[in-house]
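Asker: Let me begin by handing over the structure; questions about it come next.
The values are calculated or read from the model by the stated rules, or taken from the named source; none is laboratory data. Note that the structure is predicted; figures quoted are calculated from it, not measured. Cβ sites come from the backbone with ideal geometry, for glycine too, and all protein chains shown count toward neighbours. For accessibility, only protein heavy atoms count, side chains too; no ligands or nucleic acids. Shrake-Rupley method; radii C 1.70, N 1.55, O 1.52, S 1.80 Å.
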Amino acid sequence: MSGRWTYGDQGAASQDELNSFYWFYTDSLAQPGMLTGSNLVIEASFSYENIQNMLDTYKAGGQGDPFLYHKGNSPILNRSADKQLSAELIQYLDTHSPEDTTQDVVKLNGKKYLVSSVKSTYLDWHLVDVIPLYQILKPISLSQNLFYTCMILLLVVGISASILLYRNVQYPIKKLIKGLRRVEQGDYSVRLHSKNQNEFSFLFRRFNDMSHQIQDLIENVFHEKIRARKLR
């Protein structure tokens, strides 16, 4: 007659009878918790199988391994629970009393787990859920690896574009400028060649034609001057 939910067998005659949660209400006007003078006593109860059904449903919708915990009582596990992992976690919870709502990273059996717990104010028990930490970090690691891969691809594409820009634009321009400077210095025998068939190969052919024509003109003028000198 504590006025709260209690867990146990309530003095069941058979050991095979399931433990249940019990709650009593009385209309007694006497001292609270006493049956003296009561005209009506209401008992409400539900077995731990109801909790197991809800834990199974909860587990089916997530990645964790939930169970109901209260210090001093046997935990209520879901039907497919990892009993060894649950036993290690219960030992940890017995030494670290959980608060109303907690989230801790706990190392169990050599692996790290995220342990979350929420206290039921009605039952005074904790709903505990344990999830391997790598399962939580896996999407983050995947996004991080995808980000790094994209950055590497962008870097490779940028370097490749820079190399192509240098080979197909900057280098031909430098080559053309160098040829024009040699022509400016009087070297009309310079010729430019390109392995690629693009706009610069057309410019190189026109440059070569120009250099050849200028060289021919200069040679013709030079020969004409020699002939004129001989005639004089």
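Asker: Filter the range 24-66 down to residues that are open to solvent by 30 Å² or more (accessible area, probe 1.4 Å), over 22 Å from Gln103 (Cα atoms), among the small types (Gly, Ala, Ser) and at pLDDT 80 or above, then give me how many there are.
Answerer: 2
Asker: Tally the residues that are among the hydroxyl-bearing types (Ser, Thr, Tyr) and more than 21 Å from Gln63 (Cβ to Cβ), restricting the search to the range 134-154.
Answerer: Initially, the range 134-154 is screened for residues among the hydroxyl-bearing types (Ser, Thr, Tyr), giving 134, 141, 143, 148-149.
Checking the rest, the ones that are also more than 21 Å from Gln63 (Cβ to Cβ) come to 148-149.
Of the residues in the range 134-154, 2 are among the hydroxyl-bearing types (Ser, Thr, Tyr) and more than 21 Å from Gln63 (Cβ to Cβ).
Asker: So which of Leu133, Leu142 ends up being within 30 Å of Asn109 (Cα to Cα), at pLDDT 85 or above and open to solvent by 100 Å² or more (accessible area, probe 1.4 Å)?
Answerer: On inspection, the qualifying residue turns out to be Leu142.
Asker: What is the number of the single condition among (1) at pLDDT 85 or above; (2) part of a loop (DSSP other than H, G, I, E, B) that Gly11 does not meet?
Answerer: With (1) at pLDDT 85 or above; (2) part of a loop (DSSP other than H, G, I, E, B) applied to Gly11, the lone miss is (1).
Asker: Here's something else I'd like to know. Taking the criterion of being open to solvent by less than 30 Å² (accessible area, probe 1.4 Å), among the β-branched types (Val, Ile, Thr), under 16 Å from Tyr58 (Cβ atoms) and assigned to a strand (DSSP E or B), would at least one residue in the range 88-105 satisfy it?
Answerer: No; the residues of the range 88-105 include none that is open to solvent by less than 30 Å² (accessible area, probe 1.4 Å), among the β-branched types (Val, Ile, Thr), under 16 Å from Tyr58 (Cβ atoms) and assigned to a strand (DSSP E or B).
Asker: Only helices (runs of 4 or more DSSP H) wholly contained in the range 113-232 count here; list those with 2 or more residues that are aromatic (Phe, Trp, Tyr).
Answerer: On the way: elements: 133-165, 171-184, 199-231.
Result: 133-165, 199-231.
Asker: Could you grab the pairs with beta carbons closer than 7 Å, sequence gap of 6+ or different chains, first residue in the range 176-190 and more than 11 Å from Ser211 (Cβ to Cβ), second one open to solvent by less than 50 Å² (accessible area, probe 1.4 Å) and modelled with pLDDT of 80 or more?
Answerer: Leu176/Leu192; Leu176/Phe207
Asker: Scan the range 110-130 for residues that are within 29 Å of the chain's Cα centre (by Cα) and loosely packed, with under 11 Cβ neighbours inside 10 Å and jot them down.
Answerer: Gly110
Asker: Looking at the range 94-103, can you tell me whether even one residue there is more than 30 Å from Tyr22 (Cβ to Cβ) and free of Cβ contacts under 8 Å to residues at least 24 places away in the same chain? Quick ask: steps written out before the conclusion?
Answerer: Kept after step one, since they are more than 30 Å from Tyr22 (Cβ to Cβ), are these residues of the range 94-103: 103.
Right, trim to free of Cβ contacts under 8 Å to residues at least 24 places away in the same chain and you get 103.
Yes - at least one qualifying residue is present in the range 94-103.
Asker: Which residue pairs have Cβ atoms under 9 Å apart, sit 6 or more places apart or on different chains, and have a first residue in the range 193-208 that is under 16 Å from Leu165 (Cα atoms) and a second that is among the basic types (Lys, Arg)?
Answerer: Ser194/Lys175; Ser194/Arg205; Asn196/Arg167; Phe200/Lys175; Ser201/Lys195
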